[in-house]
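Enquirer: Let me give you the structure first, and then I'll get to my questions.
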Amino acid sequence: MHALAGAYVLDAVSDIERAAFSRHLADCETCALEVAELRETVARLADQTWSVPPPRMRAEVLAQIRRTPQLPPGGVARPAGRGGSARWRQWTIAAAAAGVVA
C-alpha cells in the first residue's frame with residue numbers, strides 16, 4: 001500500500017486503488033505525511049512550467065497558418081519541385097532508351 005503514494009498524488013491509480021489508499025491514509029501517518037509533501041512538490045513543479053507567451057506569438061502563429069498550404073480533404077501531399085512523378089518519367093525514358101539501344 002505504501003508504494004502507491006506517488007501514483008495516488010499524480011492521480012495515476014484506478015478507482016479501486018484510490019479508494020483503498022484513501023482508507024489507508026486515515027490510519028497511516030507516514031503515508032499521510034508523504035502524500036502532503038508530494039502534493040506540495042507537484043504544485044511547486046507545476047508553477048515553474050507555466051509562462052505567459054509573448055504578445056506577438058498569436059499573430060505570428062496565425063500568419064504561419066495562413067502561409068502553410070493545406071491538404072485537400074482526403075488528399076495526399078504531392079512532392080514539391082522535381083519529385084515523384086518527374087523521377088518516374090526519367091526512369092521510364094531511360095528504360096525506353098535502353099530498350100531501343102538493345
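Enquirer: Can you send over the carbon and sulfur percentage of the accessible area for the chain, probe radius 1.4 Å, protein chains only? Each step should come with its number before you reach the end.
Expert: Values: 5470 of 8860 Å².
Ligands and nucleic acids excluded, carbon and sulfur give 62 percent.
Enquirer: If I ignore ligands, DNA and RNA and count only protein heavy atoms, how much of Ile16 is accessible to a 1.4 Å probe, in Å² to the nearest 10?
Expert: Counting only protein heavy atoms, Ile16 exposes about 140 Å² to solvent.
Enquirer: Which of the trypsin sites (Lys or Arg not before Pro) across segment 9-65 are loop residues per DSSP, with 11 or fewer other Cβ within 10 Å?
Expert: Arg56
Enquirer: Which of Ala12, Ala86, Ala36 moves most in a GNM of the chain, Cα contacts under 10 Å?
Expert: For the chain, modelled as a Gaussian network with Cα springs under 10 Å, the answer is Ala86.
Enquirer: Find how much the distance from Cys28 to Ile65 grows on full extension, using 0.36 nm per residue of separation minus their present alpha carbon separation; answer in nm with one decimal.
Expert: Values: separation 37, 0.36 × 37 = 13.32 nm, distance 5.42 nm.
Result for the pair: 7.9 nm of gain on full extension.
Enquirer: On a 0 to 90 degree scale, rounded to 10, what angle separates helix 57-67 from the longest Cα axis of the chain?
Expert: For helix 57-67, the angle is close to 30 degrees.
Enquirer: For the Cα atoms of the chain, what angle does the longest principal axis make with the long axis of helix 84-101, in degrees from 0 to 90, nearest 10?
Expert: 40 degrees
Enquirer: Rounded to the nearest whole Å², what accessible area per residue is found for the chain with the 1.4 Å probe?
Expert: Using a 1.4 Å probe on heavy atoms only, each residue of the chain averages 87 Å².
Enquirer: Rg and Dmax in Å for the chain, alpha carbons only: what are they?
Expert: Rg, Dmax (Cα atoms, Å): 30.3, 91.
The values are calculated or read from the model by the stated rules, or taken from the named source; none is laboratory data. Owing to the predicted nature of the structure, the values given are computational and were not obtained by experimental measurement. Glycine also receives a Cβ, built like all others from the backbone with ideal geometry; neighbour counts cover every protein chain displayed. Areas reflect the complete protein model, heavy atoms only, side chains present, ligands, DNA and RNA absent. Shrake-Rupley method; radii C 1.70, N 1.55, O 1.52, S 1.80 Å.
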